[in-house]
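Asker: Handing you a structure now.
The values are calculated or read from the model by the stated rules, or taken from the named source; none is laboratory data. Computed from a prediction, not measured in an experiment: that's the story for all the values here. Quick reminder, even Gly has a Cβ in these numbers, built from the backbone with ideal geometry, and neighbours come from all protein chains shown. In case anyone asks, the SASA skips ligands and DNA or RNA and just uses the protein heavy atoms, side chains included. Shrake-Rupley method; radii C 1.70, N 1.55, O 1.52, S 1.80 Å.
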Amino acid sequence: MKQFLSVADIGDLKAAIAEARSLKEDPFAHSALGQRKTLGLVFFNNSLRTRLSMQRAARNLGLDVIVLNTGGDAWKLEFADGTVMDGGTAEHIREAAAVLGAYCDIIAVRAFPGLQDRDDDEKEEILSSIIRHSGKPVISMESATRHPLQSFADCLTVEEFRTGARPRVVLTWAPHPRALPHSVANSFLEWMRHMDVNLVLTHPEGYELNPAFTEGVQVLHDREEALASADFVYAKNWSSYTSYGEVLTRDSEWMVTAEDLRHTANAHFMHCLPVRRNVVVEDAVLDSDHSIVIPQAENRIWTAQVVLKRMLEAMN
Ligand code: CP
């Protein structure tokens, strides 16, 4: 594996999930694979799970890890070529990425969208500049449009908790006070389409996602109809894609409640975390046996470990 940016990079998903389950059984089975190699984690945005699960996964493989938080710790970066850099930016991405490439064997990058200009965000300028100028394998730790590490862990979690063939998996929009990216929802649909599940998407009018991610997915605006008989309910907020980056409603009717789950097939509740209690989902769900958000978060380790292992194997 030379890069990990989307589901296209994982190959056979069934085999990848089996590999993650095997690493979960025996985390140190490949502890010599990463020796004398360094993983660089570059964060342009906050993180708890991605930051820590990547480090756990890397250390299980014997990798050394260095972390760069670009916010206050690094020089302000310039991305435009040909710029006279006599303003606020002190370092060009060309040098910064090349230096990261000199220090690291694998580079993982988190860079959220600005949610101001859709075309700009979809260019994925930070991620593609680091790919272009570092010369090293790159992992997306969530970009403007996708969060593949999260979705891979979500697939493992559904596989572990499913009890029957072809479970009904419902991705539901939920309210949030701030404008959030589309990446988790986009990726979830992209990856779930490779699983043997009955996938349903529900959201209020105006929250349609990029059609590139929803093609072939059943979309229901009637939330009750969508949740009926669900085996998995995955809640996530995203801002409007069509009225780009806007919060069109904070309708609390879309918060996931214990009453909602009574109309499902005793559904498991999933969320990528962090989650705002009693805004996105009520306490009574998160604190109940329905919730599998903690095993879901733990699975971030094993799926990240598959990605790192495959990259290391490709180098040897
Ligand atoms: N789900 C997820 O990516 O969590 P963090 O933003 O804390 O890394």
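Asker: Would you work out if segment 1-47 is rounded, prolate or oblate? Take a ≥ b ≥ c from the square roots of the eigenvalues of the alpha-carbon gyration tensor; rounded if a/c is under 1.5, else prolate when a/b is larger than b/c, oblate otherwise.
Answerer: Since a/c reaches 1.5 but b/c is at least a/b, the shape of segment 1-47 is classed as oblate.
Asker: Could you work out how far the C-alpha centroid of segment 119-142 sits from that of segment 274-302, in angstrom?
Answerer: If we compute the Cα centre of each part, the gap is 30 Å.
Asker: Still on this model: In degrees, nearest 10, range 0 to 90: what is the angle between the Cα axis of helix 125-134 and the longest Cα principal axis of the chain?
Answerer: 40 degrees
Asker: Here is a further query. How large is the Kirkwood hydrodynamic radius of segment 61-129, counting all unique pairs of alpha carbons, in Å?
Answerer: 13.8 Å
Asker: Sticking with this one: On C-alpha positions alone, give me the angle between the axis of helix 13-25 and the longest principal axis of the chain, in degrees, nearest 10.
Answerer: For helix 13-25, the angle is close to 80 degrees.
Asker: How much net charge surrounds Glu259 when only the other residues with a Cβ under 14 Å from the Cβ of Glu259 are counted, with Lys and Arg +1 and Asp and Glu -1?
Answerer: My count for the surroundings of Glu259 gives -3.
Asker: With every protein chain present, what is the per residue accessible area of the chain (1.4 Å probe, Å²)?
Answerer: Per-residue accessible area for the chain comes out at 44 Å².
Asker: Could I ask something else about it? Charges only on Cβ, +1 for Lys and Arg, -1 for Asp and Glu: so what's the dipole of the chain about the Cα centre, in debye to the nearest 20?
Answerer: Using only the charged Cβ atoms, the result is roughly 1080 debye.
Asker: Let me ask something additional. Binning at 20 Å from 0, report for the chain what percent of all alpha-carbon pair distances ends up in each bin.
Answerer: 32, 57, 11, 0
Asker: A follow-up question, please. In a shell of Cβ-Cβ distance under 9 Å around Ser53, excluding Ser53 itself, what net charge do Lys and Arg (+1) and Asp and Glu (-1) give?
Answerer: Every neighbour counted, the sum reads +3.
Asker: Further question on the same structure: Multiply the residue separation of Asp289 and Val247 by 0.36 nm, subtract the distance between their alpha-carbon atoms, and state the gained length in nm to one decimal.
Answerer: Difference between extended and current length: 12.0 nm.
Asker: How big is the Rg/Rh ratio for segment 258-311, C-alpha atoms only, Rh by Kirkwood, two decimals?
Answerer: Result for segment 258-311 is an Rg/Rh of 1.12.
Asker: Follow-up question, since we're still on this one. Which lysines, on any chain, are close to Lys309 with Cα under 22 Å apart, when same-chain ones fewer than 8 places away are left out?
Answerer: Lys2, Lys14, Lys24, Lys37, Lys136
Asker: List the extent of the Cα atoms of segment 105-180 along each of their three principal axes, largest first, rounded to whole Å.
Answerer: Ordered largest first, segment 105-180 gives principal extents of 47, 35, 18 Å.
Asker: Do the sum for the chain: with -39,500 (n - 2.57) for every DSSP H run of n ≥ 4, divided by all residues, what is the mean residue ellipticity at 222 nm, to the nearest 500 deg cm²/dmol? Could you put the intermediate results ahead of the total?
Answerer: Numbers: 13 runs with 120 residues, N = 316.
It comes out at -11000 deg cm²/dmol, rounded to the nearest 500.
Asker: Calculate how steeply helix 93-103 sits against the longest principal axis of the alpha-carbon atoms of the chain, using the helix alpha-carbon long axis, and give the answer as 0 to 90 degrees to the nearest 10.
Answerer: Here the helix axis deviates by roughly 80 degrees.
Asker: Residue by residue through segment 192-206, which ³J(HN,Hα) values in whole Hz follow from phi under the Karplus form 6.51 cos²θ - 1.76 cosθ + 1.60 (θ = phi - 60°), with glycine and proline marked x?
Answerer: So the J values, rounded to whole Hz, are 4, 5, 8, 9, 8, 9, 9, 9, 10, 10, 9, 6, x, 4, x.
Asker: Now a separate question. So how long is each side of segment 157-297 along the principal axes, counting just the alpha-carbon atoms, biggest first, in Å?
Answerer: In descending order, the Cα extents are 39, 32, 28 Å.
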